[in-house]
């Protein structure tokens, strides 16, 4: 089996509990929110690093976002990625999933020489789950969505498992391929502090570096129109606490449940 | 000789790596085995952890320590008796550092570290909920004007049971008239990072947290948890700029000075469990007992092992983030000791101890209550129950 060169697409997202919805602009107000690497993207990075341990090759990180995303890519480099690329340009702003997948696909083409693209299943802020499929279409690559595990077979085919209702299915596709990775399928390794202090710098590319068609970029290149956004009401909990020994609490709980279920 | 009988060739590179990580701390060991004899794992496992063997392997640089290094709760029972003064738990934490490099780490610990990185606490809780524990209480934000920064710590901030301890402590401080405040963006002390063997990342946490304290103008810090207290008192580069106290030290002092008094009788037979990081680590056996003695109506009894000999609750050394099999929990033995001493209340002064011991006390059908000293003292304030 020859080495596997993987690009992991990652997104810097606001921490979900710290964003609010701006109904006027129909966007998320992330001004006061702290950021993190999108959680399923962390699983994708871990999967890529584990595949590299088995097959050799390289792991590159790719993100589209403002310059403040660079330190977050450094986190991925400290986990073990070989290189990191940030696509950052005002022309990319306001992109929907079509323009985002186009821009990322152009970034992947510029990195070149790839066998496998991994993405998290969806971003915790947008939650559309459409970008991985978009990238596969732009690149004309095979795809496996919502994968829980990946392996490269002796014949060079990529085998992925995905959960379906009542079981799981196993899909084999030829490389190169794009795979979206389910949240929580592995435990992302923590940063290696020696790497954190010595990791390669993040390469930043703008629209001019990618050879892109400006009509497909950012707000202009985004046909998606958001009709409305609003904050979901959080359900008020009853916050009742049962007192007593574990046995008494168990009995009281059973009584409550019996009443609620009208048994 | 290896266990199979075949000779083993020592690897110089590994030996150098181990000596560097352990900073030679294993060298003085002459293999008497007292550490193995007193290790509490011997009380719950048929095949106890051979601490002596782990230290010997560290001396030789032989990588056969396996998962046993993750069992250490850093209770310090072995260190208290080691005739050669080997800081055994430090040696084991150094071996954990090497285990990270080899990616031979129990499940769950990376996730805990990511929580510290993204959320500033090892419990994977949102930073925005830092002050939720004090809802309904008059707990001011620290402005630099107050005498004391109350350092609540991540566990008492987020864990529902431990929040009651924080609320009780805040009430006691309020009742004593001492001027205090809390940081609404309280940074993590990094204890959980240290004990899982992440020295490199710990340096980052310590730097950020020290900076936050300096910016806030902290002169005196009172920590609720002995684990945070140990970090700040011995492992932070405060150079005397910040005085660090554990809450029981402050409360005992306030009682001595007549600033904190108790009006109400708390009729109960109470025994006190010495948390490892107050007792063996810092010799703070008496302040908690002075506080306990000041509570009217309390009858104090001691357990069969207390003070230097106190049995660990099992929660230190990162064990709070690892599963301990039923039947292997030190707390089960500790609550039985409390019951045998005739106690109705097992009091302690550490959130980890409260959580572990209360869990074990559930097996005693309600015959033993586990309380933090702050909760017990709060009941004696005469303002109703310690917490609602």
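So the values come out like this:
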{"read-out": "Rounded Å value of the spacing that divides the Cα centres of the range B:233-269 and the range A:23-50", "value": "43"}
{"read-out": "Helix-only mean residue ellipticity at 222 nm for chain A, each DSSP H run of n ≥ 4 adding -39500 (n - 2.57), per residue, nearest 500", "value": "-9000 deg cm²/dmol"}
{"read-out": "Förster-model FRET efficiency, 51 Å R0, residue B:56 and residue B:129, C-beta, rounded to 0.05", "value": "0.65"}
{"read-out": "Two-site FRET efficiency, residue B:46 against residue B:340, from Cβ-Cβ distance with R₀ of 30 Å, rounded to 0.05", "value": "0.80"}
{"read-out": "Between the range A:68-88 and the range B:324-388, the Cα center-to-center distance that results, in Å", "value": "47"}
{"read-out": "With 10 Å bins from 0: P(r) over the range B:260-379, alpha-carbon pairs, percent", "value": "14, 48, 31, 6, 0"}
{"read-out": "Estimated distance in nm for a label pair at residue B:238 and residue A:187, the labels positioned 7 Å out from Cα along Cα-to-Cβ", "value": "3.3"}
{"read-out": "Two-site label geometry, residue B:64 and residue B:101: point separation in nm, points 7 Å out along Cα→Cβ", "value": "2.1"}
{"read-out": "Whole-Å distance, taken between Cα centres, linking the range A:159-233 and the range B:1-65", "value": "45"}
{"read-out": "Ascending count of other beta-carbon atoms within 10 Å, so fewest first, for A:123, A:60", "value": "A:123, A:60"}
{"read-out": "Ranked list, fewest to most other Cβ atoms within 10 Å of each Cβ, for B:344, A:53, A:17", "value": "A:53, A:17, B:344"}
{"read-out": "Three-way shape call for the range B:54-143 based on the alpha-carbon gyration tensor, with the a/c threshold at 1.5", "value": "oblate"}
{"read-out": "Highest-MSF residue in chain B out of B:58, B:94, B:293 [GNM, Cα springs under 10 Å]", "value": "B:293"}
{"read-out": "Residue order, fewest to most surrounding Cβ atoms within 10 angstrom, among B:111, B:155", "value": "B:111, B:155"}
{"read-out": "For the range B:227-317: Kirkwood Rh in Å [reciprocal of mean 1/r, alpha carbons]", "value": "14.6"}
{"read-out": "Average Cα contact separation per residue, chain B, under 8 Å, 6 or more apart, as relative contact order %", "value": "16"}
{"read-out": "For the range B:109-254: relative contact order, % (alpha-carbon pairs under 8 angstrom, 6 or more apart)", "value": "24"}
{"read-out": "Chain B: angle of helix B:160-176 to the longest principal axis, Cα-based, in degrees nearest 10", "value": "50"}
{"read-out": "Two-decimal ratio, chain B, of alpha-carbon radius of gyration to 2.2 N^0.38 Å", "value": "1.00"}
{"read-out": "Helix axis angle, A:70-79 relative to chain A longest principal axis, alpha carbon, degrees", "value": "80"}
{"read-out": "FRET efficiency, 1/(1 + (r/R0)^6) with R0 22 Å, evaluated for residue A:163 and residue A:224 via beta carbons", "value": "0.20"}
{"read-out": "Against the rule of thumb 2.2 N^0.38 Å, how large the Cα Rg of the range B:109-254 comes out", "value": "0.98"}
{"read-out": "For the range B:171-325, the spread of Cα positions along each principal axis, largest first, Å", "value": "48, 43, 25"}
{"read-out": "Potential extension, residue A:27-residue A:231 segment - 0.36 nm per residue separation minus Cα distance", "value": "72.3 nm"}
{"read-out": "At 1.567 mPa s and 4 °C, Stokes D of chain A from Kirkwood alpha-carbon radius, µm² per second", "value": "64"}
{"read-out": "Equivalent ellipsoid, the range B:207-267 (semi-axes from 5 times Cα gyration tensor eigenvalues, Å)", "value": "28, 12, 9"}
{"read-out": "Relative contact order, percent, the range A:111-263 [alpha-carbon distance under 8 Å, six or more residues apart]", "value": "18"}
{"read-out": "Debye-sum result for the range B:327-388 in log10 I(q)/I(0), which assumes one identical scatterer on each alpha carbon, at q = 0.22 Å⁻¹", "value": "-0.86"}
{"read-out": "Shape call, the range B:1-58: gyration tensor on alpha carbons, a/c limit 1.5", "value": "oblate"}
{"read-out": "Distance in nm between pseudo-label sites at residue B:267 and residue B:322 (7 Å out along the Cβ direction from Cα)", "value": "4.6"}
{"read-out": "The protein assembly as shown, Rg to Rh (Cα coordinates; Rh as Kirkwood inverse mean 1/r)", "value": "1.01"}
{"read-out": "Computed P(r) (all Cα pairs; the range B:12-101; 10 Å bins; percent)", "value": "19, 56, 24, 2"}
{"read-out": "Between 0 and 90°, nearest 10: helix B:247-256 axis offset from chain B longest Cα axis", "value": "40"}
{"read-out": "For the range A:88-131, the Rg and Dmax computed from alpha carbons only, in angstrom", "value": "11.4, 31"}
{"read-out": "Value of D in µm² per second that Stokes-Einstein yields for the range B:47-100, Kirkwood Rh from Cα pairs, at 37 °C (0.692 mPa s)", "value": "289"}
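Laboratory data are not the source of any read-out in this text; all were calculated from the coordinates shown. Keep in mind that what you see is a predicted model, and the values were worked out from it rather than measured. FYI the Cβ positions are ideal-geometry reconstructions off the backbone, even for glycines, and counts take in every protein chain you see.
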